[in-house]
1. Express the accessible area of segment B:333-468 per residue in Å², computed with a 1.4 Å probe while the remaining protein chains stay in the model.
2. Net charge near B:L383, counting Lys/Arg +1 and Asp/Glu -1 over other residues with Cβ under 14 Å of its Cβ?
3. What number, rounded to the nearest 500 deg cm²/dmol, is the helix-based mean residue ellipticity at 222 nm of chain A, given -39500 (n - 2.57) per DSSP H run of at least four residues and division by all its residues?
4. Nearest 20 debye, what's the magnitude of the dipole of segment B:392-464 about its Cα centre given +1 on Lys and Arg Cβ and -1 on Asp and Glu Cβ?
5. Find out how many positive minus negative residues lie around B:K503, taking Lys and Arg as positive, Asp and Glu as negative, among other residues whose Cβ is under 13 Å from that of B:K503.
6. Report, in listed order, any pair from A:K20/A:K104; A:K15/B:K191; B:K486/B:K538; B:K201/B:K503; A:K156/B:K191; A:K104/B:K294 with a Cα-Cα distance greater than 29 Å.
7. Given charges of +1 on the Cβ of Lys and Arg and -1 on the Cβ of Asp and Glu, with all other atoms neutral, how large is the dipole of chain A about its Cα centre, in debye to the nearest 20?
8. Between A:V18, A:N122, A:V134, whose Cα lies farthest towards the positive end of the dipole of segment A:5-199 when Lys and Arg beta carbons carry +1 and Asp and Glu beta carbons carry -1, centred on the Cα centre?
Amino acid sequence: MSGHRVDAKVVMLGKESVGKTSLVERFVHHRFLVGPYQNTIGAAFVARQVQVGDKVVTLGIWDTAGSERYEAMSRIYYRGAKAAIVCYDLTDSSSFLRVKFWVKELQNCEEHCKIYLCGTKNDLVENDRSMRQVDYHDVQDFADEIKAQLFETSSKTGSNVDELFQKVAEDFNNTAFQIITGEKGVDLGQKKNDYFYSCCHH
Amino acid sequence: MGTKTLRPTIPCFLFGCADLCDRARVPFTTRASKKSLRSMKGLCLTLEPATVMEADVHKMSVPLENGSLAPVDRLRSERSDSPTPGLVEGTEPGAGQDSAMFVHAQSFEDLTAEGEQGQEQEEVQEEEEGESERAPEFGELGDSEETQEPEGKEEQEQEERENEKEEEDQSGSGRAKEEDVNSEAWRRHRKHVFVLSEAGKPIYSRYGTEEALSSTMGVMMALVSFVEAEKNIIRSIHADGYKVVFLRKSPLVLVGVSRCRQSERELTRELLYIYYQIISLLTLTQLNHIFQHKQNYDLRRLLAGSEHLTDNLLRLLDRDPGLLLSAVTCLPLASSSRDVISSSLQAAKAKSLVFSILLAGSRLVTLVRKKDQFLHHMDLHLLFNLVGSSSSFREGEGWTPICLPKFNMAGFFHAHISYLEPASELCLILVSTDREDFFNLSDCKRRFLERLRRRSSYQALQEAVQAPSYPVSQVGIPELRHFVYKSKSSGLYTSPEIPVPYKCEEEEERLMDLYQYLHSRMHHPTRPLRSIYHCAEKENLLAYVTSGFELYLCFSPLGTKALAVSAVNKLLKWIRKEEDRLFILNPQTY
């Protein structure tokens, strides 16, 4: 699944109702929709351009449904992703358990995918400290361990949302550059194996 | 089993249980309340031996009626404008020109004897059809019936409805999930639907939380398995004005409890819709797999977030004539514009594409299909429901697995769902067989849109979407308030906008109730009717079915029977004149 009009595939993962769609909505449309919760069906795709230095990177964002029903399908959404934003709800400790599941899944299946942890609904926590159920430092330790980056965002106020996606685009830009320069040294046999592996696997 | 807590919820279950126990001399429930059981009269159980096969299996090759939408490949005679056009299927106004757009895609399940309960229903209706062909002249009514409604009943119903309304208002939100299941309000809902697993685990309840209902559902399952132990199947329980209908679709059991006038068969059909709704999210293969592995699996885990789809489907079943008539309505649009849209859609094809469907709200603009592949109206309604009950597809381009159960219960299609423009009502659904094909389909959409934008038809389309549907006054029949006309061979129906007296939700639902009532009378399994004239409290209705069409008319109380009868021909002529606009006459394939 790769489109010609997209540079980097980014996938949103995480338990249902943590706010993946709201995060994308804030980033793409700069708005926060108030209303009854609507779960995503399957996945929604949006493309958005981000300015990185003097270059424009087009992020193709896959906003996946959190429901367990689509779990078996999720691979088609994150396959070949350059970045995964794994979300959890700062006010719901159970949502962080799902983060661990997704991280493991990504590490097993998509080793080249960069992982970004994103704690959502920060505005609730800022209003009322006692709402916080997921400790910042615990997550930071976990993030260090898996070499991921951590953001705490609020789609309602917009805080840290653009920063998150900006970082994703920048990292992509840097690594894309690295891959291009590194490509020459790669042994072809190695590449074939890689291809074979992914072919078999999916 | 907690007898005490259960009795107030659905008394007839217990009575039914105990009654059976008495007969079978099996201790089943506590006998304490036996006396009161005896006093309960008017309870009747419909049981049907499991072993009895339907006699007419060999008739299945004949195109099936109602809901079947079979293609009519026979040569059509000249489209007639005679006083009674369209008495034969395929020549009625609205019939497609080449072949039907949908078909009763007979899946394997449909062809096996025990597969579909609807099957036998359709056969009964088929007999009906034969009968009406023998007596095509409207007026010589062999099976016609005239009814005068006892006013008291209607009033009482009205009152109940109002009560319910009030209670709903009190409870606040539309999804009254937190409702107390022991409350009077909960019991007074007009139609309850429960879905449970064969282990008796709750999966879905229309009102109230599943947790609170687990013991009730346990009783339901006990009833089902109790009757099955004797090699029988429980179909329904009738008691105290309630109908309790059971639909056994292993590994699920669906139960409907209703106090409205719909027939048992209609209720079963609605339950079947709910069953298909669940299948469309999971596929039967996955469902079976799950329960084979773990009998007491809590299916709500997998269905999480889909409750509102089921809720909305139930609302549609109460309100949408399309689901009642097994038909789809089209956006009224000049045929020249529609043809341009169809051919643009046809041009934007991809290898894996099976169906391209353009919707305007819940109305069909056009449908292009792969050659030899037909979409069943039930599957289309499920797609309508999916799109209509979720704002999720407004966020971006949706890409979701979906099973079309009438096409194939075993596997997923992958649907690309997107709106043509952010705030537009026009939604494009591209159904593909390849889950990797998202960007291809995305490109199809882009090509379609580009092509369309260059043509004036796009403007016409947008105007048609904005414009209200047509008012009934266009037909020019005095006292006619509303009608629903279905062309059987094309599986499409047309209906004017809801007129003023029925504008509010309650009244609209009441009108639908009346149609539903007439529909179930017309399609009665043992005594089907060709026509019925019905004087209700606030309106007079006429329903008329031939092999070509199905027609329901609603007149003001001033309308007479003679007027109603003459209106049929006039209306048919009008529809014939307008059919280019109201129906899709040139269905396209890739």
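1. On a per-residue basis, 34 Å².
2. +1
3. -13000 deg cm²/dmol
4. The dipole magnitude comes to about 260 debye.
5. -4
6. Listed pairs above 29 Å: A:K15/B:K191; B:K201/B:K503; A:K156/B:K191.
7. That gives chain A a dipole magnitude of about 640 debye.
8. Final value for the positive-end residue is A:V18.
The values are calculated or read from the model by the stated rules, or taken from the named source; none is laboratory data. Here the structure is a predicted model, which is why all the values come from computation and not from measurement. Neighbour counts are summed over all protein chains in view; Cβ atoms, including those assigned to glycine, are modelled from backbone coordinates with ideal geometry. For the accessible areas, the whole protein counts, side chains as well, though only heavy atoms, and no ligand, DNA or RNA atoms are used. Shrake-Rupley method; radii C 1.70, N 1.55, O 1.52, S 1.80 Å.
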